Amino acid sequence: MEAKTIENVFTDAIFRVPGYQRGYAWEESHLEDFWRDLSWLSENQRHYTGMLTLYKTRDLGGRAVYHIVDGQQRITTSFLLISKLAARNEVLAGLPRQVIEYCYLRSVDPKNGSLTSRVGYESEERMNFLQAILDDRSAVPKKRRKLTPKNVYEKNLLRASDFFDEKLKGLSPLQMSDLFAKVKNQLIFDVHYVRDASEVSSMFESINYRGKRLTKFEVLKNRLIFLCQLIGQADEGVRSSAMDTHKLIEDTWGEAFDWFGRGEDPLDEDDFLLHHTCMYFGSLKRERDALDKFLFKEKFATDRLSSVDDDRITLGELTRYVESIRVSSELWALQNARIDQLVGKPKWVTKDFIQGIRRLNRLRMRHFKPLILGALNRMRAGDTNEDSTTLVHLLSRVERFIFLVYSVSGYGGNEKSRGKFSDFGFWIISKEKGYSFDEVSTVIDEYVFFRDGDECGGVFSWTGFAKDLRARFIDGAGWYSRDDIKFILSEWSSHLGSECDDSREYENLSVEHVLPQNQNSEGAWAEVRLELGRRFEYVLHDLGNLTLLAKGANLAVQDIDLKSKAGVYVHTADGADILRRAGRNCKWTETEIIERGRSIVKFMVERWEFPEEGEDPYVDDKCDDVLSKGVKPLRQRKHSPE
């Protein structure tokens, strides 16, 4: 291991991030730390930046091309800052821009004479985005062409570019020259050169970046590569196939990181790995570190290479598993509503399907993630026994189950039931079982509620729902405190005609009280409060008094009278419905609130097919079980005179 400055590190070297690694992961807090470290450096003081682990892959134009095994974030950040400084100055620390370009930023490809970046990615897509940032030389952000990041890693790169633009904006040429000198001479890396490819995977497993440990998903990649290498070394006849599988693993993990990076925040890789494992192999034991034990000590343990029976691990087994990871990572992005279509645009990805997936994401999908992933795998494989209709029906039954069982009935599920739900995904893709979507839908429905003669079964409970709401009213928060209130109001609004198709739009919605929470609000609201007396808090947080508005609009209208709110309400279907119920005089009292609440409850009953436990239909009186109408204020205790 050698201690080297940036100047030494870049001497006759080109750096590439291999495709199997995630992209640029530093966020603003990391950039601030990096900038602070530079700012505090005094002249001739050196700063240890971290480890840089490199593996030489080839030569290009007289320079060695290295894969960055560790240190991607630090070296990319340093490189980006140097490029920003060079774009603003003809000379830095006595070096002309052309020399800086040659020594730190660009290299010539001898095959075609084209310039290539000294730091970049093996992935063409990632490299193109970085190159677009580097090629846009304007020091003024407003004059640059607009780049649209497709995933969180591209977003991070663009943020780093903008971050340095902002930091350099007020610096003089002399200050920027001093900054460049600090970067090239005072930032110190401990550089370790890996000798051969077999070391890369074992080295990568033990490395952190900025204190973040590798995910199980990353460690699994290295375990699979290691197994391929051992199989190839033990049998020369399969060595070429082992190399092909090795490449498939690297390509698959690179694609997966790109899919997981779609959207505002990256998807949790280990969450994917857990639910893919349940889908592919069946549910795991309910014990600590169950996923680690199963994958690394059982399924992909190195001991299986020495087995003499059918348990011996083979390249075919590894290849089939990695192919499933490759296909499923794209489907996971679809399942988590990060993309609206798949490569190849299959016809089963319909508008109804996308809406169903978005609703499930708003309900968090719970223990049904392996099932949905298994169903999508069936569809992706071109199963002719299923189509978009059966798929959308399955999604609707899962949605109904989650809403009625987890949300309405408050059922947490026991170990057996959770394992059963996880196994649904395995049942769907299993060759031995291969249950149809309709068969699984039937099982799910029966788990919610069933009748056998005069006997009823299942875990749905209207009584439990009513007790929960009563307790919430007594606690002073009513429907407003329910985790599912935003989802319910969103579906009610869609029913009335205002669909919320966009995930970001949904996230920007907040719950608004028509009758304001502020007890000091004046005018008509003061009269309503006086009329309600001690029942004010119950009615305030009742279902009929709640609606959805964009956060900005909510803040603007939260304390004003209904007539003044009308200008905002009229733009949503639910708001227009509230104004219709209030009438020309904008009357909004307990009567209107209860009537609207009953309407929403009846909508819920029909929308999610509430089972009828007894003979009583869901008429007004039964709806009132979950509204404030039947809740009486607790008597205030009388204090004895001292």
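Among (1) more than 21 Å from Ile372 (Cβ to Cβ); (2) in contact (Cβ under 8 Å) with a residue 60 or more places away in the chain; (3) of a type in the set (A, V, I, L, M), which single condition is Met279 missing?
(1)
Need pairs with beta-carbon distance below 8 Å; first residue without any contact (Cβ under 8 Å) to a residue 40 or more places away in the chain and within region 157-175, second surrounded by fewer than 18 Cβ atoms within 10 Å (Cβ to Cβ); sequence gap 6+ or separate chains.
Leu158/Leu147; Leu158/Pro149; Asp162/Pro141
Within region 555-578, take every residue that is touching a strand residue (DSSP E or B) at 6+ places or on another chain (Cβ under 8 Å) and farther than 16 Å from Ser498 by Cβ and give me the one that is most open to solvent (accessible area, probe 1.4 Å).
Only one residue tops the list, namely Gln558.
Counting only residues that are part of a loop (DSSP other than H, G, I, E, B), without any contact (Cβ under 8 Å) to a residue 12 or more places away in the chain and on the phi < 0 side of the Ramachandran plot, which one in region 96-137 is least open to solvent (accessible area, probe 1.4 Å)? Can you show your working first?
In the first step, residues of region 96-137 are kept if they are part of a loop (DSSP other than H, G, I, E, B); the result is 109-114, 118, 122-123, 136-137.
Those left that are additionally without any contact (Cβ under 8 Å) to a residue 12 or more places away in the chain: 111-114, 136.
Then keep just the ones that are on the phi < 0 side of the Ramachandran plot; that gives 111-112, 114, 136.
Working: Lys111: 184, Asn112: 109, Ser114: 49, Asp136: 32 Å².
The qualifying residue least open to solvent (accessible area, probe 1.4 Å) is Asp136.
Within region 342-359, can you find the residues that are open to solvent by 60 Å² or more (accessible area, probe 1.4 Å) and not hydrophobic (A, V, I, L, M, F, W, C)? I'd like the intermediate steps shown before the answer.
As a first pass, look at region 342-359 and keep what is open to solvent by 60 Å² or more (accessible area, probe 1.4 Å): 343-345, 347, 351-352.
The answer is Gly344, Lys345, Lys347, Lys351, Asp352.
From the set of residues in region 483-507 that are polar (S, T, N, Q) and part of a helix (DSSP H, G or I), which is most open to solvent (accessible area, probe 1.4 Å)?
Ser503
Within region 138-164, restricting attention to residues that are at pLDDT below 80 and part of a helix (DSSP H, G or I), which residue is surrounded by the fewest Cβ atoms within 10 Å (Cβ to Cβ)? Full working, then the answer.
So in region 138-164, the residues at pLDDT below 80 come out as 138-146.
Now drop any that are not part of a helix (DSSP H, G or I), which leaves 141-143.
Numbers: Pro141: 12, Lys142: 5, Lys143: 8.
Going through the qualifying residues, I end up with Lys142.
Just the residues that are over 28 Å from Glu491 (Cα atoms), of a type in the set (Gly, Ala, Ser) and modelled with pLDDT of 85 or more, please, taken from region 403-447.
Ser436
For Gly263, work out the one condition from (1) buried (at least 20 other Cβ atoms within 10 Å of the Cβ); (2) within 24 Å of Arg126 (Cβ to Cβ); (3) touching a residue at least 60 places away in the same chain (Cβ under 8 Å) it doesn't fulfil.
(1)
Taking the condition within 34 Å of the chain's Cα centre (by Cα) and either open to solvent by less than 20 Å² (accessible area, probe 1.4 Å) or in contact (Cβ under 8 Å) with a residue 24 or more places away in the chain (or both), does Arg607 pass? Steps first, please.
Details: within 34 Å of the chain's Cα centre (by Cα): yes; either open to solvent by less than 20 Å² (accessible area, probe 1.4 Å) or in contact (Cβ under 8 Å) with a residue 24 or more places away in the chain (or both): yes.
Against the criterion (within 34 Å of the chain's Cα centre (by Cα) and either open to solvent by less than 20 Å² (accessible area, probe 1.4 Å) or in contact (Cβ under 8 Å) with a residue 24 or more places away in the chain (or both)), Arg607 qualifies.
Name the residues in region 328-356 that are touching a helix residue (DSSP H, G or I) at 6+ places or on another chain (Cβ under 6 Å) and of a type in the set (Val, Ile, Thr), would you?
Correct list: Ile339, Thr350.
Search region 287-316 for residues being outside any loop (DSSP other than H, G, I, E, B) and of a type in the set (Phe, Trp, Tyr), and hand back the single one that is surrounded by the most Cβ atoms within 10 Å (Cβ to Cβ).
Initial filter on region 287-316 (outside any loop (DSSP other than H, G, I, E, B)): 290-299, 302-306, 315-316.
This time we only want the ones that are of a type in the set (Phe, Trp, Tyr), so: 294, 296.
On the way: Phe294: 18, Phe296: 16.
For region 287-316, the residue satisfying everything is Phe294.
Conditions tested, residue by residue: (1) hydrophobic (A, V, I, L, M, F, W, C); (2) within 25 Å of Lys155 (Cα to Cα); (3) under 21 Å from the mean Cα position of the chain (by Cα); (4) modelled with pLDDT of 85 or more.
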position: Asp196; (1), (2), (3), (4): no, no, no, no
position: Asn208; (1), (2), (3), (4): no, yes, no, no
position: Phe217; (1), (2), (3), (4): yes, yes, yes, yes
position: Met243; (1), (2), (3), (4): yes, no, no, yes
position: Leu273; (1), (2), (3), (4): yes, yes, yes, yes
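Out of Val349, Val398, Val440, I need the residue that is farther than 28 Å from Gly261 by Cβ and among the β-branched types (Val, Ile, Thr). Which one?
Working: Val349 fails: farther than 28 Å from Gly261 by Cβ; Val398 fails: farther than 28 Å from Gly261 by Cβ.
Val440 is the lone residue from the list that is farther than 28 Å from Gly261 by Cβ and among the β-branched types (Val, Ile, Thr).
The values are calculated or read from the model by the stated rules, or taken from the named source; none is laboratory data. A quick note: this is a predicted structure, and the numbers were derived from the prediction, not measured. Note that each Cβ is placed from the backbone with ideal geometry, even for glycine, and that neighbours are counted across all protein chains shown. Keep in mind that these areas ignore ligands, DNA and RNA; they rest on the heavy atoms of the full protein, side chains included. Shrake-Rupley method; radii C 1.70, N 1.55, O 1.52, S 1.80 Å.
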